[in-house]
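Below: one structure, written as structure tokens.
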Amino acid sequence: MNIRNKRWGWLSATLLIIIIGIVAAACGGSDSSSADTAAADTAAADTAAVETAAAAPEKKIVMGFLSNCEGPFGPFWDATLAGYYTALVQFAGATPVDPADPKAGVTGAMVPGTEIPIEINTDYGCSDDKADKALSEAKRLVEQEGVNILIGPLSGDEGIAVANYAKTQPDVTFLNGISGAQDTTLKVQAPNFFRFFTDGAQWTAGLGAYAYNVLGWRTAVTIGDDYSFPYTQTAGFVSEFCSLGGKVTDRIWPALGETDYSSYIAKLPNDVDGFFLDVGGTGTVQFVNQYTEVNGNDSLQGKVMGGAFISNPAIIKELGSKVEGVVAGSALPSDATDANWTTYVDAITAAFPDQAGNAANIFLAGYYNNTQAAILGLGAVGGNIDDAAAFQSAIAGVEISTGVGPVTVDGNRNAVGANYVVQVSDKGATTLFTVPDVDQSFGGAFSADTPNPDRDNPKCVAGNPPPWAASITK
């Protein structure tokens, strides 16, 4: 048989099948109607299934954690974990695996108002305050572990590095831990990086005016670790103190992680009214011990304005009467008794009772704030993070509940909030006064166009004091 005959045979068989089908349909009567109905039902079911699949989130929610388990801030590892997991317990319905140990994690976290699980990556990001290590860990969590919501990091240079990395990962959402360098949000401005806690300069609001107007300082020096966060804290103090007419005669920068401060202490002149201290982490304890060993146990009183670290509960506990009388800036009022503070402390106590004494610890509070914002953002989009931009827009619009009341973020996704000027004793820190609604511009002193805070900037320039300065008097 040739090819033509083969084709004709195939067509003949096909026609026969079609004819038989037509006859069967003609004889089928009501059976045909049933078949048609069944087919329609099947098609409708298939359409509904497609629509449901299209509406359901495709991306699973994987949340990761990045903090310091090593280096000068390693001792605050558990506090940062406690803040992170307390928010998941309070706002996502999670349960601690071991209330005595935050490292054990939680189970059962769900997007609020849904049955959508939040998968918690427990291969924690462990850094050591170095930007390259934090960046490496962030990349590992995002690119190898599949994390699409990252909470962290802790330290200043780390935050700048991770915010820059965020720009290369638009589908991943980054929320700061407690990294406080100004540049992280004011200069980098990654649209998917959020900081629901004020920055280091904001934590000094009121100190410069207190030194000038109340203590009568006219000259000062500053001493702080040589990296971006102390640059930011020092920038706040210098800007405010100098705007009122004060003079900063020197800025001293020991390396972060220094253990012997004797040569730096020797550089502190005796012919100035006082100094601003921003040596942080384990260095705070070492510096104060070495300074008081030379100058006496009460030598800091009236002589020192402190940054965020010296009012930290763990550091006060360590140093006791050596920090008696020191005035410091703090983002948290540890002596608060209002409902906001009580609710916050109760949440920590319920999740991790041993961490309740760390409520005024900025390391815990920062991770708590930012994790809460992520959870509320998830709730706002019903757990659907397929459209990352929509999810990030939802986060930008949330108002979180904190120990100091509601907190929102500005156009650079940085918190606007109150600062507290406190006086330290061996029993804790007492709030002297509150500076409300401090924004990242610090009353107009800082913008995306001003020089980055560094060893020499901002310059000590008189004029244009921040709006709160005039109200801080004896």
*Take the stretch 100-121 and flag every residue that is closer than 18 Å to Gly146 by Cα and surrounded by fewer than 13 Cβ atoms within 10 Å (Cβ to Cβ).*
none
*Test: residue in the stretch 438-454 that is modelled with pLDDT of 95 or more, touching a Gly at 6+ places or on another chain (Cβ under 7 Å) and among the polar types (S, T, N, Q)*: no
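Just give me the residues in the stretch 165-205 being more than 19 Å from Asn419 (Cβ to Cβ), part of a loop (DSSP other than H, G, I, E, B) and under 13 Å from the mean Cα position of the chain (by Cα), in sequence order.
Scanning the stretch 165-205 gives Gly177, Asn192.
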*Answer yes or no as to whether Ala314 is within 20 Å of Gln90 (Cβ to Cβ), surrounded by fewer than 23 Cβ atoms within 10 Å (Cβ to Cβ) and either modelled with pLDDT under 95 or not β-branched (Val, Ile, Thr) (or both).*
no
*So Gly383, is it on the phi > 0 side of the Ramachandran plot and in the same structural domain as Lys167 (by TED's automatic domain parsing)*: yes
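From the list Thr185, Thr222, Thr173, which one is crowded, with 23+ Cβ neighbours inside 10 Å, out of contact with any His (no Cβ under 7 Å at 6 or more places or on another chain) and not assigned by TED's automatic domain parsing to the domain that holds Thr86? Can you show your working first?
On the way: Thr185 fails: not assigned by TED's automatic domain parsing to the domain that holds Thr86; Thr173 fails: not assigned by TED's automatic domain parsing to the domain that holds Thr86.
After ruling out the rest, the residue left standing is Thr222.
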*Determine if the stretch 263-272 includes at least one residue that is under 26 Å from Gly444 (Cα atoms), surrounded by fewer than 23 Cβ atoms within 10 Å (Cβ to Cβ) and either in contact with a helix residue (DSSP H, G or I) (Cβ under 9 Å, 6 or more places away or on another chain) or modelled with pLDDT of 95 or more (or both).*
no
*Return a yes/no flag: does the stretch 71-83 have any residue that is farther than 20 Å from Thr282 by Cα and either part of a loop (DSSP other than H, G, I, E, B) or not small (Gly, Ala, Ser) (or both).*
no
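Each row is one residue, and each column tells you yes or no for (1) under 20 Å from Gln233 (Cβ atoms); (2) surrounded by fewer than 19 Cβ atoms within 10 Å (Cβ to Cβ); (3) touching a Pro at 6+ places or on another chain (Cβ under 8 Å).
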{"position": "Ala374", "(1), (2), (3)": "no, no, no"}
{"position": "Gly397", "(1), (2), (3)": "no, yes, no"}
{"position": "Gly411", "(1), (2), (3)": "no, yes, no"}
{"position": "Asn414", "(1), (2), (3)": "yes, no, no"}
{"position": "Asp439", "(1), (2), (3)": "yes, yes, no"}
{"position": "Ala445", "(1), (2), (3)": "yes, no, yes"}
{"position": "Cys460", "(1), (2), (3)": "yes, yes, no"}
{"position": "Pro465", "(1), (2), (3)": "yes, no, no"}
*Please tell me if Lys322 is in contact with a Leu (Cβ under 8 Å, 6 or more places away or on another chain), without any contact (Cβ under 8 Å) to a residue 60 or more places away in the chain and surrounded by fewer than 24 Cβ atoms within 10 Å (Cβ to Cβ).*
yes
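Do you know which of the residues in the stretch 52-103 that are among the basic types (Lys, Arg) and in contact with a helix residue (DSSP H, G or I) (Cβ under 9 Å, 6 or more places away or on another chain) is modelled with the highest pLDDT?
If we filter the stretch 52-103 for residues that are among the basic types (Lys, Arg), which is where we start, we get 59-60, 103.
From what's left, in contact with a helix residue (DSSP H, G or I) (Cβ under 9 Å, 6 or more places away or on another chain): 59, 103.
Numbers: Lys59: 91, Lys103: 96.
Taking the candidates together, the pick is Lys103.
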*Out of all the residues in the stretch 199-213, is one or more modelled with pLDDT of 95 or more, out of contact with any helix residue (DSSP H, G or I) (no Cβ under 7 Å at 6 or more places or on another chain) and of a type in the set (Val, Ile, Thr)?*
no
_Return the pair list, or none, for Cβ contacts closer than 7 Å from residues in the stretch 365-388 that are over 14 Å from Val409 (Cβ atoms) to residues that are assigned to a helix (DSSP H, G or I) and among the hydroxyl-bearing types (Ser, Thr, Tyr), at least 6 apart or on different chains._
Tyr367/Thr80; Tyr367/Tyr84; Tyr368/Thr86; Thr371/Tyr84
*If you check Thr198, Thr168, which single one turns out to be of a type outside the set (A, V, I, L, M) and either under 19 Å from Ala396 (Cα atoms) or in contact (Cβ under 8 Å) with a residue 60 or more places away in the chain (or both)?*
Thr198
*asked:* Suppose we filter Asp335, Asp298, Asp346, Asp354 for residues that are charged (D, E, K, R) and in contact with a Lys or Arg (Cβ under 9 Å, 6 or more places away or on another chain); which single one remains?
replied: Asp298
*Only listed residue being in the same structural domain as Ile223 (by TED's automatic domain parsing) and not small (Gly, Ala, Ser), chosen from Ile362, Ile265*: Ile265
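The values are calculated or read from the model by the stated rules, or taken from the named source; none is laboratory data. All values derive from a computational prediction rather than experimental measurement. Virtual Cβ from ideal backbone geometry, glycine too; neighbours counted across all protein chains shown.
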